[in-house]
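The next block holds one structure in the form of structure tokens; read it before the comments.
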């Protein structure tokens with residue numbers, strides 16, 4: 001499958017510095033920042049700096065260095081937020097939406113880290 005990347009999406013603009021963000025962590029291959037419409041007390045978006053549309057696109061085409069960097073960034077953010085269950089935190093949820101059925105709003109792969117309260121069931125029953 002060919003993944004069509006729109007370089008005018010809001011995250012591409014953030015990566016180019018055209019739109020400001022509240023950075024939580026930046027590494028060689030990853031940028032993490034506060035969501036502008038948080039759904040929990042902690043709501044961080046984690047994006048690769050590469051032109052990836054969805055989680056599967058990233059998993060299939062990103063370099064090992066990009067994948068390792070992104071994954072370690074997620075761990076570092078959870079550590080910084082103090083939400084790691086094994087380290088005294090109460091836990092967190094990660095979400096990545098893909099395509100129309102996944103209700104993906106921005107066509108740049110991103111992972112939501114939500115924490116700071118009980119988030120209830122993952123998907124409503126029905």
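The ranking of 108, 43, 29 from fewest to most other beta carbons within 10 Å of each one's beta carbon is 43, 29, 108. With axes computed from alpha carbons, what is the tilt in degrees of helix 64-81 against the longest principal axis of the chain, rounded to the nearest 10 within 0 to 90? In the chain, helix 64-81 runs at an angle near 30 degrees to the longest axis. Taking the alpha-carbon centroid of each part, what is the distance from the range 21-47 to the range 87-126 in angstrom? Between the Cα centres of the range 21-47 and the range 87-126 lies a distance of 13 Å.
Only the coordinates and a few stated rules stand behind these numbers; no lab work does. In this text the structure is predicted, and so the values were computed from the model without any measurement. Every residue, glycine among them, receives a Cβ derived from its backbone with ideal geometry; neighbour counts consider all protein chains shown.
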